[in-house]
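Taking it in order: structure first as structure tokens, then the write-up.
The values are calculated or read from the model by the stated rules, or taken from the named source; none is laboratory data. It should be emphasised that the depicted structure is a prediction, and the values quoted were computed from it without experimental measurement. Every residue, glycine as well, gets a Cβ built from its backbone with ideal geometry; the counts of neighbours run over all protein chains shown.
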Amino acid sequence: MNRFARKRQPIIGRVAAITAQNFNADEFVRATRPLEQKGFSVSVVSNTSGMLTGRTEAGQDVNFVPASTIGDMEFDGYCALILPGNSHGMGESTQTAIEKFLSDGKPIIAMMGDVPMLAEAANSPDVSDAGVAISMNGKVFAARGESDSEEAIEVFAQVLAA
């Protein structure tokens with residue numbers, strides 16, 4: 001079969017992934033791949049409109065051009081938010097996006113260094129030390145430990161796809 005003739009899976013929703021310059025590309029892929037496999041389109045959003053460069057653990061550079069800046073983001077166009085662990089240095093604009101998704105009741109998954117921002121915005125300080133935190137249906141859930149964090153990412157994608 002011609003690889004260009006393969007049918008693409010229909011897109012079932014758009015998810016915003018907020019990330020910053022010098023992001024951890026492995027963590028980014030870890031957070032976004034399950035959603036893409038379920039049929040979601042993941043759009044990179046940042047505080048800058050220029051190219052973002054991340055690095056894998058193997059030392060390879062990965063480049064993205066953000067779909068929009070956080071300030072220009074059309075919140076209604078996204079069904080969920082991913083904070084893959086490196087947007088915590090972006091300040092108020094990221095916090096504003098988190099608060100908007102929370103107030104709209106849209107799911108959020110935060111990883112690593114971004115978990116404290118979600119915990120603060122959701123008024124859930126008990127999850128601030130988790131490796132992964134998920135906000136869904138007005139509740140915040142924490143996953144601690146490597147295997148629990150991996151499972152939380154998969155569950156997040158499955159619940160969104162349901």
Check Asn123 against each of (1) on the phi > 0 side of the Ramachandran plot; (2) assigned to a helix (DSSP H, G or I) and name the one condition it does not meet.
(2)
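Return a yes/no flag: does the range 58-67 have any residue that is of a type in the set (Asp, Glu), under 22 Å from Ser93 (Cβ atoms) and not in a helix (DSSP H, G or I). Break it down into steps so the answer makes sense when it comes.
Going residue by residue through the range 58-67, those that are of a type in the set (Asp, Glu) are 61.
After this cut, where a residue has to be under 22 Å from Ser93 (Cβ atoms) as well, the list is none.
No, the conditions are met nowhere in the range 58-67.
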Does the range 1-25 hold any residues that are surrounded by fewer than 20 Cβ atoms within 10 Å (Cβ to Cβ) and modelled with pLDDT of 90 or more, and which are they?
Gly13, Arg14
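Go through the range 123-149 and count every residue that is under 16 Å from the mean Cα position of the chain (by Cα) and crowded, with 18+ Cβ neighbours inside 10 Å. Talk me through it step by step, then tell me what you get.
Step one: filter the range 123-149 for residues under 16 Å from the mean Cα position of the chain (by Cα), giving 130-136, 140-143, 149.
The next check asks that each one be crowded, with 18+ Cβ neighbours inside 10 Å; those that pass are 130-135, 140, 142-143, 149.
Counting residues in the range 123-149 that are under 16 Å from the mean Cα position of the chain (by Cα) and crowded, with 18+ Cβ neighbours inside 10 Å gives 10.
Return a yes/no flag: does the range 142-157 have any residue that is out of contact with any Leu (no Cβ under 6 Å at 6 or more places or on another chain), hydroxyl-bearing (Ser, Thr, Tyr), in a helix (DSSP H, G or I) and free of Cβ contacts under 8 Å to residues at least 60 places away in the same chain.
Taking the range 142-157 first, the residues out of contact with any Leu (no Cβ under 6 Å at 6 or more places or on another chain) are 142-156.
Now restrict to residues that are hydroxyl-bearing (Ser, Thr, Tyr): 147, 149.
Okay, now just the ones that are also in a helix (DSSP H, G or I), so 147, 149.
Among the residues that remain, those that are also free of Cβ contacts under 8 Å to residues at least 60 places away in the same chain are: 147, 149.
Yes, the range 142-157 contains a residue that is out of contact with any Leu (no Cβ under 6 Å at 6 or more places or on another chain), hydroxyl-bearing (Ser, Thr, Tyr), in a helix (DSSP H, G or I) and free of Cβ contacts under 8 Å to residues at least 60 places away in the same chain.
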